[in-house]
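Q: Here's a structure for you.
The values are calculated or read from the model by the stated rules, or taken from the named source; none is laboratory data. Worth saying up front: this structure is predicted, and the values here are computed from it rather than measured. All Cβ positions, even for glycine, are placed from backbone atoms using ideal geometry, and neighbour counts span all protein chains on display.
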Amino acid sequence: MLQLWSDLSQKYAAGTISKKESTLYTKWGKALRLLSQDPLYPSLHTHEIEPLTRRYGVKVWQSYLENNTSRAMRMYWVYGPSRKDITIIGLEPHPEDKKNGAYDKISLSDMPTFDE
């Protein structure tokens, strides 16, 4: 996730960012600012994704980058590795299929090593 953010930041600064990348960069940046201020900020619609929590053995949260649009982007994150840290572990479109197994298709980054 850090590599993607760095690539978008560099392209934005150099003026070589595409329109699609610019939209993602802007929305993701806003969501990150809100998340850093208050993970439960209302427009983020933050909630735990239980199927991902079960899969990874740690609470996995989802926050909105956008809403009411086809394949609206979602940011997946966990608390950690330190007590007051938040680690972004995924950025994916919302699964279209709301039935059982919809989150099986979500691909997340490696989980951080947590402090004991």
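Q: Could you tell me whether region 42-49 includes any residue that is under 14 Å from the mean Cα position of the chain (by Cα), part of a loop (DSSP other than H, G, I, E, B), in contact (Cβ under 8 Å) with a residue 40 or more places away in the chain and more than 18 Å from residue 81 (Cα to Cα)?
A: The answer is yes, given that some residue of region 42-49 is under 14 Å from the mean Cα position of the chain (by Cα), part of a loop (DSSP other than H, G, I, E, B), in contact (Cβ under 8 Å) with a residue 40 or more places away in the chain and more than 18 Å from residue 81 (Cα to Cα).
Q: So, one more: Among the residues that make up region 38-46, is at least one of them in contact with a Phe, Trp or Tyr (Cβ under 7 Å, 6 or more places away or on another chain), within 17 Å of residue 27 (Cβ to Cβ), among the aromatic types (Phe, Trp, Tyr) and modelled with pLDDT of 90 or more?
A: Checked region 38-46: no residue is in contact with a Phe, Trp or Tyr (Cβ under 7 Å, 6 or more places away or on another chain), within 17 Å of residue 27 (Cβ to Cβ), among the aromatic types (Phe, Trp, Tyr) and modelled with pLDDT of 90 or more.
Q: Conditions: (1) assigned to a helix (DSSP H, G or I); (2) buried (at least 18 other Cβ atoms within 10 Å of the Cβ). Residue 63 meets all but one. Number of the miss?
A: (1)
Q: Any residue that is farther than 17 Å from residue 74 by Cα, under 16 Å from the mean Cα position of the chain (by Cα) and assigned to a helix (DSSP H, G or I) - is there at least one of those in region 27-38? Break it down stepwise before answering.
A: Step one: of region 27-38, the residues farther than 17 Å from residue 74 by Cα are 37.
Cutting the leftovers down to under 16 Å from the mean Cα position of the chain (by Cα) gives us 37.
From what is left, the residues that are assigned to a helix (DSSP H, G or I) are 37.
Yes, region 27-38 contains a residue that is farther than 17 Å from residue 74 by Cα, under 16 Å from the mean Cα position of the chain (by Cα) and assigned to a helix (DSSP H, G or I).
Q: What's the total number of residues in region 7-22 that are closer than 16 Å to residue 65 by Cβ, of a type in the set (Lys, Arg) and surrounded by 13 or more Cβ atoms within 10 Å (Cβ to Cβ)?
A: Of the residues in region 7-22, 0 are closer than 16 Å to residue 65 by Cβ, of a type in the set (Lys, Arg) and surrounded by 13 or more Cβ atoms within 10 Å (Cβ to Cβ).
Q: In the set 58, 78, which member is within 16 Å of residue 108 (Cα to Cα), within 11 Å of the chain's Cα centre (by Cα) and among the aliphatic types (A, V, I, L, M)?
A: Among 58, 78, only 78 is within 16 Å of residue 108 (Cα to Cα), within 11 Å of the chain's Cα centre (by Cα) and among the aliphatic types (A, V, I, L, M).
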